[in-house]
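These notes are about the structure you will find just below.
The values are calculated or read from the model by the stated rules, or taken from the named source; none is laboratory data. For clarity, every value in this text was computed on a predicted model and none was experimentally measured. For neighbour counting, all protein chains shown are included, and Cβ atoms are generated from backbone atoms with ideal geometry for every residue, glycine included.
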Amino acid sequence: MELNALRQFLVVARLEHLSRAADELRIAQPSLSRTIARLEGELGVPLFDRSGRLRLNDTGRLFRDHVERALGELEAGRRAVTEAAGRGLGAVRLASETFLTLTGPLSAFKRSHPEAEIGLHWSPPEDMARRLRAQEIDLCVASQPINAEGLEAVRLFEEEVGAAFPHDHPLAGRASVTIADLADQPFITARHGHWLRSLLDRLFAAHGLTPKIVCESDEHSAIADLISAGLGIGLVPAFARRSATRAPLAWIPVDDPGARRTVTLYWTADGHPSAAARLMRTTLTDWNWITGEPPSP
């Protein structure tokens, strides 16, 4: 089996769509179809169900897990050789849903280790476990639980999530608000998959309600600006409230025990991280998230 064929298989397995996989790989779809067919011929079993939409079958999922581990080990070996050859600290690849929270420790890491290569990757939480197992990334920071075997985790911090209003909003002067108070309010939030949207849906569902969403934004930095402009309200974590922002907002606590987020660092239990990855893990776990500063010596 050719390594390139295995890498192409993983893309098709992830997308379960030949034309989109071909676009991502930048190859012709007929060529990709032949590669998958040859791979299935070598294995002697189909890896996908083709009745209607292309679907990875049970055999395909079993094979995918082994391919991810195998290619991950090859990549780890390449990086280990580079490190052993004395070519610096190597590289660290970090995935997160948002990097606003991480700017402090990332800046401190770069100042302390300028020779280390840093790769930052936006990733939804549902992709993080797969990317960790395949060693496409070394570490990931998530605001939602990642339920997968073979991962180790450490909680970085937990914080309150409040409701943000324009200053002239009728609720802006309240000491706190309930979900019932927010039931008919127009919400500006992130798209499905982002932790902010998942929390909003979860809080409302617990009360048998559905949020009234007037804007879904991929530009999360624009959410505060849109709220400030009076186009709606939204959930905003305490960290973002403390951060310098151009948008003047009224931040009101939500009277609900579920209005919190827990930020967790994940990595593979049996991985072979580079020196840079080990140092980044230490930087993130030792960071003082309350003061936003490195730990005292």
Step by step: first the residues of the stretch 50-90, then only those that are more than 21 Å from Gly150 (Cβ to Cβ) and small (Gly, Ala, Ser), then the one that is modelled with the lowest pLDDT. Which residue is that? Gly86
Candidates Arg191, Arg155, Arg202 - the one that is closer than 30 Å to Glu117 by Cβ and in contact (Cβ under 8 Å) with a residue 12 or more places away in the chain: Arg155
Name the residues in the stretch 1-56 that are under 26 Å from Glu73 (Cβ atoms), acidic (Asp, Glu) and either surrounded by 13 or more Cβ atoms within 10 Å (Cβ to Cβ) or in contact with a strand residue (DSSP E or B) (Cβ under 6 Å, 6 or more places away or on another chain) (or both), would you? Glu16, Glu24, Glu40
Residue satisfying all of: in the stretch 249-272; in contact with a strand residue (DSSP E or B) (Cβ under 7 Å, 6 or more places away or on another chain) and farther than 30 Å from Phe204 by Cα; surrounded by the fewest Cβ atoms within 10 Å (Cβ to Cβ) among these: Ala269
Answer yes or no: is there a residue in the stretch 253-273 that is over 23 Å from the mean Cα position of the chain (by Cα), in the same structural domain as Gly162 (by TED's automatic domain parsing), at pLDDT 90 or above and within 19 Å of Pro166 (Cβ to Cβ). yes
Taking the stretch 280-297 on its own, how many of its residues are in contact with a helix residue (DSSP H, G or I) (Cβ under 7 Å, 6 or more places away or on another chain) and farther than 30 Å from Arg202 by Cβ? 4
Going through the stretch 120-150 in order, the residues found to be among the small types (Gly, Ala, Ser) and either under 14 Å from the mean Cα position of the chain (by Cα) or farther than 21 Å from Leu3 by Cβ (or both) are Ser123, Ala129, Ala142, Ser143, Ala148, Gly150
Looking at the stretch 9-95, what helices (runs of 4 or more DSSP H) fall wholly within it and have at least 1 residues that are touching a residue at least 40 places away in the same chain (Cβ under 8 Å) and closer than 28 Å to Asp138 by Cα? 58-84
Looking for something buried (at least 21 other Cβ atoms within 10 Å of the Cβ), small (Gly, Ala, Ser) and either not assigned by TED's automatic domain parsing to the domain that holds Ser274 or not in a loop (DSSP other than H, G, I, E, B) (or both) - is there at least one such residue anywhere in the stretch 167-184? no
Quick check, is Ser228 within 18 Å of the chain's Cα centre (by Cα), among the polar types (S, T, N, Q) and either modelled with pLDDT of 95 or more or not assigned by TED's automatic domain parsing to the domain that holds Met128 (or both)? no
